[in-house]
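Following: one structure in C-alpha cells, then a few remarks.
The values are calculated or read from the model by the stated rules, or taken from the named source; none is laboratory data. Keep in mind it's a predicted model, so treat the numbers as computed, not measured. Cβ coordinates were reconstructed from backbone atoms using ideal geometry, including for glycine residues, and neighbour counts include every protein chain displayed. Areas reflect the complete protein model, heavy atoms only, side chains present, ligands, DNA and RNA absent. Shrake-Rupley method; radii C 1.70, N 1.55, O 1.52, S 1.80 Å.
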Amino acid sequence: AQSVTQPDIHITVSEGASLELRCNYSYGATPYLFWYVQSPGQGLQLLLKYFSGDTLVQGIKGFEAEFKRSQSSFNLRKPSVHWSDAAEYFCAVAFKAAGNKLTFGGGTRVLVKP
Amino acid sequence: DGGITQSPKYLFRKEGQNVTLSCEQNLNHDAMYWYRQDPGQGLRLIYYSQIVNDFQKGDIAEGYSVSREKKESFPLTVTSAQKNPTAFYLCASSIRASGIAYEQYFGPGTRLTVT
C-alpha cells in the first residue's frame, strides 16, 4: 500500500530565513504529487502539484518543490519565510494504479519566529 | 464565487446520536470526498463519490454513511456505530476521480464533538 512520510512534525524558522519541508513516499509506480497548506481550523489550500515534466515546480505564495525519483522525495522549499507562512503543511501522493486516491502525510507544523 | 461549503462549522452531539454533516459544491465537479482529520494523523479518506448515485468506501468507512443524490451535494452521516467520532471533517471535490489525478479542492471543515 502507498504511504507518505513527513519526518518533521514541527519546524520553527525565523522570519526571512529559508524553509524546507521533507516528504517521502513509498510505492513503485509514477506518482502524482501535491503540497497543501492548512491554517488553523480551516480547509486545505493547494500550493503546488507535480504530474510530469520539469521536476522543479513552482507554486503559489513563493513556494517551490522538487521531485527526486531516485530518493522518492518531493520536498517543499521557500527562500524567505513570512510570518503568514505559519501553518500546517501536508504532502499528498496519488498513483494511477491505485485509482488516483490521495494519500496524505501526517503534516508538518511550521512556526515562524519574529 | 465557486467553492465548497460545509455546515455547520462546529457541531456538538451526545453519544449514541446520529449526526449529518453537510457538503455542497458549485464547481460542477463530478467527484466528491470526505476525510477525517485527527491531530498528527493527516487526513484519512472515509468515502468518495465519482458520480451521482454512486460512492465507494475509503480507508475508514466503518460507522459512516453517505449519499449522492445530487451532483452538488454529498452529505456524511456519522452513526452511533462510529466508536470515536470526535474529529475535524473535511469535504473535497475534484473535476473527476479517474484518469489524471486532478487536484482536490477543500471546504472549510466541520469540527464535530461528541460527548
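Return the tail of the calculated pair distribution for chain A, meaning the percent of Cα-Cα pairs more than 16 Å apart.
That fraction is 57 percent.
Name the residues of segment A:65-114, by number, that are at least 20 Å² less accessible with every protein chain in place than in the isolated chain; the surface is that of heavy atoms, probe 1.4 Å, without ligands or nucleic acids.
Buried by the other chains: A:F90, A:N100, A:K101, A:L102, A:F104, A:G106.
Taking only protein heavy atoms and a 1.4 Å probe, what accessible area per residue, in Å², does the protein assembly as shown have with all protein chains in place?
On the way: 10990 Å² over 229 residues.
Accessible surface, normalised per residue, equals 48 Å².
Rg (Å, one decimal) plus Dmax (Å, integer) for the alpha carbons of the protein assembly as shown?
17.5, 52
Taking the alpha-carbon distance from B:K71 and a cut-off under 19 Å, which lysines remain once sequence neighbours fewer than 8 residues away in the same chain are dropped?
Leaving aside lysines fewer than 8 places away in the same chain, those within reach of B:K71 are B:K57.
Just by accessible area at a 1.4 angstrom probe, what is the order of B:K83, A:K68 from largest to smallest?
The ranking, largest first, comes out as B:K83, A:K68.
Restrict the search to segment B:1-106; then list the GluC sites (Glu not before Pro) that DSSP places in a loop and that have at most 13 other Cβ atoms within 10 Å of their Cβ.
Of the GluC sites (Glu not before Pro), the ones in loops of segment B:1-106 whose Cβ has at most 13 other Cβ atoms within 10 Å are B:E15, B:E62, B:E69.
Given the convex hull over the Cα atoms of segment B:27-85, what projected area results after averaging over all orientations, in nm²?
That works out to 4.3 nm².
Under a straight-distance cross-link criterion of Cα-Cα below 15 Å, which aspartates and glutamates are reachable from A:K96, leaving out those fewer than 8 residues away in the same chain?
Excluding near neighbours in sequence, the set is B:E103.
For B:G63, what charge total do you get from the other residues with a beta carbon under 11 Å from its beta carbon, if Lys and Arg give +1 and Asp and Glu give -1?
Surrounding charge for B:G63 is +1.
Using a cut-off of 10 Å between beta-carbons, work out the net charge of the residues near A:S73 (Lys and Arg +1, Asp and Glu -1, A:S73 not included).
Every neighbour counted, the sum reads +2.
Where the centroid of each part is defined by its Cα atoms, how far is segment B:4-27 from segment B:36-63 in Å?
One Cα centre to the other: 15 Å.
What is the interface area between chains A and B, defined as buried accessible area summed over both chains with a 1.4 Å probe, reported in Å² to the nearest 100?
What A and B bury together is about 1600 Å².
Using a Cα-Cα cut-off of under 16 Å, which lysines could be cross-linked to A:K78, ignoring same-chain neighbours fewer than 8 residues away?
A:K49, A:K61, A:K113
Using only the alpha carbons of segment A:35-84, determine the length spanned along each of the three principal axes and report them from longest to shortest in whole angstroms.
35, 23, 17
Direction-averaged shadow area of the convex hull around the Cα atoms of segment A:60-103, nm²?
Projected over every direction and averaged, the Cα hull of segment A:60-103 covers 4.2 nm².
Using the Cα atoms of chain B to build a convex hull, what is its mean projected area in square nanometres? Let's see the in-between values first.
On the way: hull surface 27.7 nm².
Mean projected area of the Cα convex hull: 6.9 nm².
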